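Have a look at the structure below, then the notes.
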Amino acid sequence: MTILYVDADACPVKDEAIKVGERHRVEIKIVSNSWMRLPESDLVERVVVPEGPDVADDWIAERATTGDVVITADVPLASRCVNTGALVISPNGKPFREDAMGMRLAMRNLNTHLREVGEIRESGPGFTKADRSRFLNQLETLMRAAKRQSQG
């Protein structure tokens, strides 16, 4: 059975993810380091993990598997989940694919280094309406694929 995991602390598309998850009638795990207001739903479970680096990521990575969908902007978490067979999408609608994970991790590490040494200051482009639209379209596609995987 498909489960939708949301790495929720800085996720700008929680509401959209919940709506798509409810439409597909799947369990939805909203994982964060702090309590947050969520819509009331029998399908939504709020998971509050202890404070600490990567605690929410570890919780998700230890559970996500083939037939599940994970929403995260965290590249190392995405890599871990892709390796377990989960389908992973970023909040801007770009899927994480196994064949591209090495490059995504390398770019993330390079950008982190460049920020640390002061070569770049901003973290990237802002979140747009086009990102939200792309996310909704891609999540719908991934949910269908995940449900097929979990049934077969």
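Quick notes on this structure:
- Total residues in the range 20-42 satisfying the condition of being surrounded by fewer than 17 Cβ atoms within 10 Å (Cβ to Cβ) and either at pLDDT below 95 or not in a helix (DSSP H, G or I) (or both): the figure is 11.
- As a summary of the residue check, D15 satisfies the conditions (1) under 23 Å from K129 (Cβ atoms); (2) touching a strand residue (DSSP E or B) at 6+ places or on another chain (Cβ under 6 Å) except for the one numbered (2).
- Some residue of the range 90-99 being at pLDDT 90 or above, under 25 Å from M1 (Cα atoms), hydrophobic (A, V, I, L, M, F, W, C) and in contact with a Leu (Cβ under 9 Å, 6 or more places away or on another chain): no
- Exactly one residue out of A17, A61, A56, A8 is buried (at least 20 other Cβ atoms within 10 Å of the Cβ) and free of Cβ contacts under 8 Å to residues at least 24 places away in the same chain: that is A61.
- Filtering the range 125-143 to residues that are in a helix (DSSP H, G or I) and touching a residue at least 12 places away in the same chain (Cβ under 8 Å) leaves D131, R132, S133, R134, F135, L136, N137, Q138, L139, E140, L142, M143.
The values are calculated or read from the model by the stated rules, or taken from the named source; none is laboratory data. These figures come from a predicted structure and were not determined experimentally. Positions of Cβ are backbone-derived with ideal geometry, glycine not excepted, and every protein chain shown enters the neighbour counts.
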